[in-house]
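Read through the structure below, which is laid out as structure tokens, and then see the notes.
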Amino acid sequence: MITVIESPSLTPNALRVLESRYLRKNQAGDVIETPDQMFMRVARNIASAEERYGADETTVWHWTEVFRNAMTSLDFLPNSPTLMNAGTDIQQLSACFVLPVEDTMDGIFDSLKHTALIHKSGGGTGFSFSRLRPRNDTVQSTQGVSSGPVSFMGVFDAATETVRQGGRRRGANMAMLRVDHPDILDFIDSKSNNDRLNNFNISVAITDPFMDAVIRGEDYDLVSPRTGKVTGALPAVDVFRRIVDRAWLNGEPGIIFIDRVNRDNPTPAVGAIESTNPCGEQPLLPYESCNLGSINLARFVRGELGNAEVDFARLREMVSVAVRFLDNVIDMNCYPLPQIENLTRANRKIGLGVMGFADLLIQMGIRYESPEAEAVAEDVMGCINEAAIAASQALAAERGAFPNFEQSVFGLRNEKPRRNATVTTVAPTGSISIIASVGSGVEPLFGVAFKRRILDGAELVDVNPLFEHIARAEEFYSDGLAERIAQSGGVHDLEEVPPRWRRLFQTAHEVSPEGHVRIQAAFQKHTENAVSKTVNLAAASTREDVEQTFRFAHQLGCKGVTIYRDGSRDLQVLSRGTAATAAAPANAPAVRREPRPRPEIVTGRTTRMETGCGNVYVTTNETADGPFELFAQIGKTGGCAASQTEAIGRLVSLSLRSGVDPRAVARQLRGVRCPYPSWNRGNKVLSCADAIGQALENFVSDTIKGGGPEPELDRAERLAGNCVECGNVLEFEGGCAVCRVCGYSRC
């Protein structure tokens, strides 16, 4: 019998993430606290809120110990800003904010300033640009015309690029536009080019009338936000399929069913919900914030591993602790704006969610894509939501209901007073799930093992702790097995892994789109806010697959949905062997490829690319077989920049002459960053290498017709690119790209 893991400890990878992003540092950048000291710092700070309600020092110390034990046991962790900032000079503890964007120049730039303040303190922001008048609409104060919502999104994106969140978190935004806004087609297309709006997730706010028109195959009205009048109509199916096409292309936009969200708005008398936080799981009113936390479901099991059951009694106890913790955060928070403080304290929203759902299922012997998993999702989240409401009602009896309770839907229905307008949210948990060494949120495992680069360029293999525990107990673990798993990410075709575990360790790319949506819908049934979830699609998935996924999410009652098709984003760099290499026989002789000789005459073109280091001139020549060589020159000859640019050109030429697909070469260069990014004819250029990659990519796009299918993607290419901080691969989950090594994320 294999027992469940009783005593969790921080893994080496968790310690690396903590040291990189969470533990306090001195001015020299040296870490000056341990993980235990961090948990005590946070617990003591949050427990001190008890003093505001008359608690003595003994009671404060009691809650300090309770909160500390909840975190050190990895049973519960709050969102990253709380771990980073509680008990420090910053003391900004919320992850989620929504700001209004008013239809005036003053309102727009007030929001821009407020965005910078929030990002500086470690938060993410959501906006609805639906109030802005459409492009070419009248601006009476200047007798001019409006540039429209999409142009102002570019201003916010540029500002975000310059503000780094406390040196530890990258700014993230959500942009939303109602589907009935006259500029909706521009918005849908706004991220078709992967070099635009890289600090934004975008989602279309889908209305009920629009979906009804899609189902019936009818037109729907476009409405001017300035006048409230109908300005035209579009075929709903055509617009829906345009959303589908762009989502198939690169995962953007997502969709939010905004009328469904507002039906669950607990305070409609205060205002309508227009947008969400950057990952889509937290709908908020303008000038509202919310603090999140997640229970580690992998810790709430008992019995034999593979046949365990949920410990619901202990789960309810932890929910009560977590609700008290999150309510205390509201009191201890240092808000970036008085408007946010006022509304947040008036509604006191919290968002308690989960992580480690996939790990829970494995311990129970249940496959992720199964009716049994859906039942567990409903049972577990139903328990959490019910217990969270009860805990909030108990706090209301002790401290009073949230100030807007009487005009809320609960007050109007004469329900029992509660402390918090909302209590449950399922967030992605990218970084905190790394600390807890479990799967993110309610996602399936992204991989059973992965390779990690270390400083000297060597690679180590990190294996899922649960899988390693099982494999060692049943004596089928080996370093060679771990290496093979890291190559593909999964175990479903590895015969040395017993069939039972091959079936249970199902990864995200082995789950059907319908399976992803069913799990999201099961959690949504018992979540007051929303559920962050990514539907992973195979590279060969069609637009029809995306359309069916969107329709299915609407049918099952999800509040929104995000899809990601393998390999559909730029900035993807190989870091593992190709599928062809992996499939080669072990005893196959090494093949040394000689570059093709250069003919006397080649033809091509030269492109000028503007970079932060000056103009780079990229000449790409071709033969009848396609791109053959590339020359790159920056400024005058001599100097490091010039020599490195020339060296890149020589290596690119060597690759092309050796038969490497030019698209793969371009992907290697795209996304390489330097300290001086710039813009080239409206496209962001991250470095000289990125500029060369763009030039080659454009040449291929313009000159190769019917170039055959894209080369088969290995696991690294299926992911979301390489981490700009540590170089390891990023995984796409919950609407964000996350590095499982250093904790970097971008949303």
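Laid out as a table, the results:
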read-out	value
Shape category assigned to region 230-311 from the gyration tensor of Cα positions, a/c cut at 1.5	oblate
Area of Asp331 that stays accessible when all protein chains are in place (1.4 Å probe, Å², to 10)	10 Å²
Net charge, Leu285 excluded, C-beta distance under 11 Å - Lys, Arg +1, Asp, Glu -1	-1
Relative contact order (percent, whole number), the chain, Cα cutoff 8 Å, 6+ residue spacing	13 percent
Ordering of 117-128, 249-260 by packing [mean C-beta count within 10 Å, highest first]	117-128, 249-260
Phi-based couplings in Hz for region 293-310 (Karplus 6.51, -1.76, 1.60; Gly and Pro marked x)	x, 9, 8, 7, 4, 4, 8, 10, 10, 8, x, 6, 5, x, 8, 7, 10, 6
Accessible area in the full protein assembly, largest first, 1.4 Å probe, for Tyr220, Tyr287, Tyr617, Tyr53	Tyr617, Tyr53, Tyr287, Tyr220
Surrounding net charge for Thr34, when Lys and Arg each add one and Asp and Glu each subtract one, Cβ distance under 11 Å	-1
Whole-number percent relative contact order across region 453-570, with pairs defined as alpha carbons under 8 Å at least 6 apart	19 percent
Probe 1.4 Å - accessible area at Trp248, Å² to nearest ten	50 Å²
Heavy-atom SASA rank of Cys290, Cys334 (probe 1.4 Å, accessible area, largest first)	Cys334, Cys290
Lys/Arg +1, Asp/Glu -1 at C-beta; the chain dipole; positive extreme among Ala159, Val329, Thr11	Ala159
Within-15-Å neighbourhood charge of Asn328 [Cβ basis; K, R +1; D, E -1]	+4
Region 364-421: chymotrypsin sites (Phe, Trp or Tyr not before Pro) in DSSP loop, at most 14 other beta carbons within 10 Å	none
Solvent exposure ordering (accessible area, 1.4 Å, most first) of Arg650, Arg419	Arg650, Arg419
The chain: antiparallel DSSP beta bridges as a percent of all, rounded to 5	65 percent
Exceeding the 21 Å Cα-Cα cut-off - candidates Lys349/Lys559; Lys113/Lys229; Lys113/Lys559; Lys191/Lys684; Lys559/Lys684	Lys113/Lys229; Lys113/Lys559; Lys559/Lys684
For peptides 338-347, 41-50, sequence by mean Cβ density within 10 Å, most packed first	41-50, 338-347
Residues with amide H under 5 Å from that of Asn680, placed H, sequence gap 5 or more	Val685
Given (1) 47; (2) 14; (3) 42, the label whose value is percent of Cα pairs over 50 Å apart derived from this model	(2)
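The values are calculated or read from the model by the stated rules, or taken from the named source; none is laboratory data. Remember, predicted model here, so these are calculated numbers, not experimental data. With ideal geometry, Cβ positions are generated from the backbone for all residues, glycine too; neighbour counts draw on all protein chains shown. Areas reflect the complete protein model, heavy atoms only, side chains present, ligands, DNA and RNA absent. Shrake-Rupley method; radii C 1.70, N 1.55, O 1.52, S 1.80 Å.
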